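The values are calculated or read from the model by the stated rules, or taken from the named source; none is laboratory data. For clarity, every value in this text was computed on a predicted model and none was experimentally measured. A quick note on method: Cβ atoms are made from the backbone with ideal geometry, for glycine too, and the neighbour counts reach across all protein chains shown. Keep in mind that these areas ignore ligands, DNA and RNA; they rest on the heavy atoms of the full protein, side chains included. Shrake-Rupley method; radii C 1.70, N 1.55, O 1.52, S 1.80 Å.
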Amino acid sequence: MEIIVLKCGGSVLEELNDDFFDSLRELIENGHYPVIVHGGGPAINSMLDLYEIPANFKDGLRVTCEKTMGIVEMVLSGQTNRQLCGMLLKHGFNALGINGSDGLCLQADYIDKSELGYVGTITNVNTNLIMMAIENGYIPVITPIAAAKDGFKLNINGDYAAASIAKALNADRCAFVTNVDGILINGEIVSEMTDREINTHISNGNIYGGMVPKVNSALTATAAGVETVMIISGKKQFYKNKCWHGTAIAAKERVLK
Ligand SMILES: Nc1ncnc2c1ncn2[C@@H]1O[C@H](COP(=O)(O)OP(=O)(O)OP(=O)(O)O)[C@@H](O)[C@H]1O
Ligand SMILES: [Mg+2]
């Protein structure tokens with residue numbers, strides 16, 4: 001069973017168009033089983049603004065106090081997940097929204113409670129629950145919120161969640177759908193990038209901000225054995241005539257397609 005994990009960035013959710021859904025349809029017609037993980041950064045920031053709570057980031061991760069966690073869950077699970085499932089429904093797909101803490105789909109540990117608050121790193125993925133949805137014809141749409149051992153919920157960076165889920169499901173591919181066509185260096189899309197090149201471009205500032213957790217998660221996924229990892233656009237056809245478009249990421253100087 002060829003499983004494809006697609007992480008849909010909050011940056012592009014509002015802009016997902018027919019091209020995106022056509023690619024998704026073609027993927028399914030070609031025998032792939034998509035699992036969607038979503039982000040929601042911009043929507044969380046707008047809601048925090050409304051509540052006059054400042055947004056703070058450390059190394060690309062959102063510092064999450066208890067109050068912020070409440071907002072994160074309200075927005076991601078109550079708004080973003082619903083919006084994405086609604087769009088899938090409109091385009092004729094059978095989506096099943098899952099809050100990552102439901103059925104212990106995602107379990108996590110605090111990364112550093114004193115520095116980051118309720119932010120976690122995934123320790124276990126309930127693959128049975130996800131497979132149950134796939135086997136019954138649904139596209140799981142997973143909100144990156146996890147259950148901690150102490151019963152609290154933790155905010156998980158969507159890119160890291162997608163990489164962990166892809167690894168746990170033995171996915172054939174993990175693709176990060178975002179608001180750019182791939183990794184841009186000096187204004188040009190790079191079609192393939194190795195771990196060494198990525199690290200160089202992070203150090204010299206060509207890769208920055210939200211692209212940093214994305215490429216780091218991409219490298220985690222390749223290192224964990226996910227065969228192909230890509231950064232792709234949600235505004236264009238990312239898959240057409242069995243060809244993928246975007247930047248392919250490879251560990252160990254090797255790009256597998
Ligand atoms: N070298 C680069 N090439 C392309 N984009 C880059 C690069 N370096 C940094 N970026 C930035 O990374 C952004 C994508 O990451 P971002 O975290 O904003 O989106 P997302 O992960 O899709 O959404 P969300 O975090 O809400 O789920 C791009 O819009 C761009 O501004
Ligand atoms: Mg991001």
So ALA55, is it small (Gly, Ala, Ser) and open to solvent by 30 Å² or more (accessible area, probe 1.4 Å): yes
Selection status of ALA218, within 16 Å of ligand 2 (Cβ to nearest atom), touching a residue at least 12 places away in the same chain (Cβ under 8 Å) and either surrounded by 23 or more Cβ atoms within 10 Å (Cβ to Cβ) or among the β-branched types (Val, Ile, Thr) (or both): yes
Those residues of segment 180-206 which are open to solvent by less than 60 Å² (accessible area, probe 1.4 Å) and among the small types (Gly, Ala, Ser), in sequence order: GLY182, GLY205
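Can you tell me which residue in segment 221-247 is most open to solvent (accessible area, probe 1.4 Å), limited to those that are of a type in the set (Val, Ile, Thr) and within 18 Å of ASN199 (Cα to Cα)? So that I can check it myself, show each step before the final result.
Our first condition is that a residue be of a type in the set (Val, Ile, Thr); within segment 221-247, this holds for 222, 226, 228-229, 231-232, 247.
From what's left, within 18 Å of ASN199 (Cα to Cα): 222, 229, 231, 247.
Values: THR222: 23, VAL229: 0, ILE231: 0, THR247: 0 Å².
Among residues in segment 221-247 that are of a type in the set (Val, Ile, Thr) and within 18 Å of ASN199 (Cα to Cα), the one most open to solvent (accessible area, probe 1.4 Å) is THR222.
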Pick from segment 19-60, criterion of a type in the set (Phe, Trp, Tyr) and touching a Phe, Trp or Tyr at 6+ places or on another chain (Cβ under 8 Å), ranking: nearest to ligand 2 (Cβ to nearest atom): PHE20
